[in-house]
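Just so you know, all these numbers are worked out from the coordinates, no wet-lab data involved. Since the structure is predicted, the reported quantities are computational estimates derived from the model, not experimental observations. Heads up, the Cβs are rebuilt from the backbone with ideal geometry, glycines too, and the neighbour counts pull from every protein chain shown.
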Amino acid sequence: MGKLENLDFKKNSLRKINNFLQNIDFKKNQREFVIKNPSGNHAICAGLKEDISVKIKGHVGYYCGGMNQNARITIEGNAGTGLGENMMSGLIHVKGNVSQSAGATAHGGTIIIDGNTSSRCGISMKGIDIIIKGSVGHMSAFMAQSGTLLICGDAGEALGDSIYETVIYIAGKPKSLGADCIEKKMTKKDLLKIDELLSIGKIKKIKSSKFKKYGSARKLYNFKIDNVSEY
Amino acid sequence: MKNKRKKNITKPRQSWTFDEYTNSEIRRAAETGIYDIRGGGSKRKLPHFDDLLFLGASMSRYPLEGYREKCSTDVTLGTRFAKKPIKLKIPITIAGMSFGALSGPAKEALGRGASIAGTSTTTGDGGMTKEERSQSKTLVYQLLPSRYGMNPDDLRKADAIEVVIGQGAKPGGGGMLLGQKISDRVAEMRTLPKGVDQRSACRHPDWTGPDDLAIKITELREITQWNVPIFVKIAGARPYYDTALAIKAGADVVVLDGMQGGTAATQEVFIENVGQPTLACIRPAVDALQDLNVHREVQLIISGGIRNGADVSKALALGADAVSIGSAAMIAIGDNDPKWEKEYNKLGSTAGAYDDWHEGNDPAGISTQNPKLMKRLDPKKAGKKLSNYLKVMTLEAQTIARACGKNDLHNLEPEDLCALTVEAAAMARVPLAGTSWIPGSDQKIF
């Protein structure tokens, strides 16, 4: 290991490739790596800790970049379930489409998805910013606690169901809103945040003024029997 | 003519169906409009370890000399895939109980007691606290659906990881921590606003079936470099299939929690009506391990109503590798102590019955985040009590094992047991006392 050409799933195992990236030898000065032939393997780049750049040339399976800290991961393909689940910091950029539960429970950092993503995007998210250039599936931002979900396209059914303090900005239309999720008034601060996210995602086609803001009505924060049909 | 006075009056008859408790619950529901939430496990009278007896040695079996001849108690968990399995001196672990549900000092007490006795503690929903990590020599870190406080640095600090799928008190249910217990520190660890009712999800956010779980376990192993064991905790729902699927998904250890297992808070109707008793779960789980040829390679930990060394030895005789205690550990450190009786009365309860743990007013200072109440628990003294209790349980189990002629607790076997009731005989698959009859089995024991 240690050589660029060996980060190749045709030549090496997941364990060896992850182990190499999890224990970078900084004396060697190299900070940029390329993974070849990922072939939909699962848990690629899970548990990275250091400020490095990894480019993955192809499609990845489940939990790519899971629990990531600091690393910047680019996927030149599609990604499976649980992309960047519980990530703490760093950046994951997917150039294709992404399956369900992208950014689930993630505490920090940024995910950028150039295509569409499936259901439960940002489920229970705890501080991450997720930028989706396409649309998201049903139950996205379910029980989302903190952080921002920026959707340039549309959203499926029950957007933001049982949402806590995550803020959703959407340029398209949600098919329906989930329990306790309501449209909220856009403030100057919101527009600045949207501009910041659009700039991070290098999105120029849509202006911040196109977005609508959704968040929690905070009516389900403490149990009341009269709200029982909402649960 | 004067009427004759009746001599025989029919005694007022209380209904078995509408008993005092039932009626009081109907009145309470009618008044408040909310279901009853409480902590703890099932309070019903269920078939349990009390319904089993050890036969002991006599002419056909030779006993070992108490105190002189060795009877091993140690157990190694995670021998299947982990590079660093955990080695415990006793087969009794401390079950997952969250910081949030319990106070910081209570978590510290559990860590201290377990470390002295040579066993592990388990985190719970709400993350790893420094109190517990610093005091607990062997710490199991739970991965729960909510992922409150979950972070990779803590994951790498853990000695084992427990993927929680179910809890005996509420198979198929998520957690609940009501607003009054969400203090600043609890709120921060869970990334929630202070004072909200925290509803933990009942399903994991990023996987669904056993095929997904196998990939999830691979990810956890990749992050922790295949060092630490991965436990899978299931509730006593369908023990045969759930154990088989946990094994298939790659678990090193299966933790099986029956319906007497406690919870910090859930609906009474859930606790008492969903799931199977602990006794009913053990044999089907062991069947799954044996059918897949991994009994003893994948370890089985049984929890839910373990109270003493007899329970420990009975669970082990039925095929478990270890047991886990939660409610009993809380009692050992001071929960429901009669010395707080006056305060329990003020809360509308009585010592032994107090289960409103979710309200955060625990007089014993254990299931609370109230700084004044928390101070009542001295973690050092409480830790010592827990270690005493764990040692007593171990000695009791050894006493029984020696009487059965076993030089290791793990050599106890179903053949050492008989049952007092038909139900227990059927569940434990041991003969009814005085007979060779195992209900539901063609097997004859002579």
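General observations
- For chain B: relative contact order, % (alpha-carbon pairs under 8 angstrom, 6 or more apart): 23
- Fraction of alpha-carbon pairs over 15 Å apart in the stretch B:112-160 - percent: 37
- The residue list A:44, A:208, A:142 was ranked by how far each Cα lies along the charge dipole of chain A toward its positive end, using unit charges on Cβ atoms, and A:208 comes out on top.
- For the stretch B:208-301, a Kirkwood hydrodynamic radius built from all Cα pairs, placed in the Stokes-Einstein relation at 4 °C and 1.567 mPa s, yields a translational diffusion coefficient of 92 µm²/s.
- Theoretical FRET efficiency, 1/(1+(r/R0)^6), r = Cβ-Cβ of residue B:30 and residue B:238, R0 30 Å, to 0.05: 0.25
- Residue pairs exceeding 29 angstrom between C-alpha atoms, taken from A:55/A:202; B:194/B:384; B:194/B:339; A:184/A:205; B:130/B:216; A:11/B:216: B:194/B:384; B:194/B:339.
- Cα pair distances in the stretch B:233-374, grouped into 5 Å bins until the bin that holds the longest one, percent each: 2, 10, 18, 18, 15, 13, 10, 8, 5, 2, 0
- Loop-located trypsin sites (Lys or Arg not before Pro) in the stretch A:1-63 whose Cβ has at most 16 other Cβ within 10 Å (DSSP): A:3, A:10, A:11, A:31
- Cα principal axis extents for the stretch B:83-238, largest first, Å: 41, 39, 30
- For the residues A:30, A:69, A:100, a GNM of chain A with alpha-carbon springs under 10 Å puts the largest fluctuation on A:30.
- Given R0 = 25 Å, the distance between the Cβ atoms of residue B:292 and residue B:156 translates into a calculated FRET efficiency of 0.25.
- Where only C-alpha atoms are counted, convex hull volume of the stretch A:4-230 per residue in Å³: 115
- Taking max minus min of the alpha-carbon positions on each principal axis, the stretch B:292-439 gives extents of 56, 32, 31 Å, largest first.
- Mean separation of Cα contacts under 8 Å, 6 or more apart, over the residue count of the stretch A:139-188: relative contact order %: 38
- The residue among A:172, A:69, B:119 whose Cα reaches farthest toward the positive pole of the charge dipole of the protein assembly as shown, with charges on the beta-carbon of Lys, Arg, Asp and Glu, is A:172.
- Cα-based equivalent ellipsoid, chain B: semi-axes from gyration tensor eigenvalues, Å: 34, 32, 22
- Backbone N within the stretch A:191-211 under 17 Å of label point (7 Å from residue A:173 Cα along the Cβ vector): A:210-211
- For the stretch A:4-82 and the stretch B:230-248, distance of Cα centres in Å: 32
- Taking B:97, B:59, B:176 in turn, the Gaussian network model of chain B (Cα-Cα springs below 10 Å) assigns the largest fluctuation to B:59.
- Separation in nanometres of the label points that stand 7 Å from Cα toward Cβ, at residue A:196 and residue A:157: 3.5
- Counting Cβ atoms of other protein chains within 10 Å of each residue's Cβ and taking the mean over peptide A:100-108 gives 4.
- With the biggest extent put first, the Cα atoms of the protein assembly as shown measure 98, 80, 50 Å across the principal axes.
- One Cα centroid belongs to the stretch A:136-160, the other to the stretch B:166-189; the line between them spans 24 Å.
- Antiparallel DSSP beta bridges within the protein assembly as shown, percent to nearest 5: 20
- The simple Förster model, with R0 at 35 Å and r as the Cβ-Cβ distance, assigns residue B:421 and residue B:388 a FRET efficiency of 0.60.
- Two-decimal Rg/Rh across the stretch A:1-139, once Rg and the Kirkwood Rh are taken from alpha-carbon atoms: 0.96
- Where labels lie 7 Å past Cα in the beta-carbon direction, separation of residue A:23 and residue A:51 in nm: 2.4
- Near-label residues of the stretch B:362-376 by backbone N, under 17 Å of a point 7 Å along Cα→Cβ of residue B:339: B:362-367, B:373-376
- Chymotrypsin sites (Phe, Trp or Tyr not before Pro) lying in DSSP loop within the stretch B:1-94, provided at most 13 other Cβ fall within 10 Å: B:16, B:18, B:67
- Peptide A:123-130, shielding by other chains (average Cβ, 10 Å cutoff): 4
- Number of partner chain Cβ atoms within 10 Å, mean per residue of B:197-209: 6
- Inter-part distance where the stretch B:298-359 and the stretch A:204-224 are each reduced to a Cα centre, Å: 44
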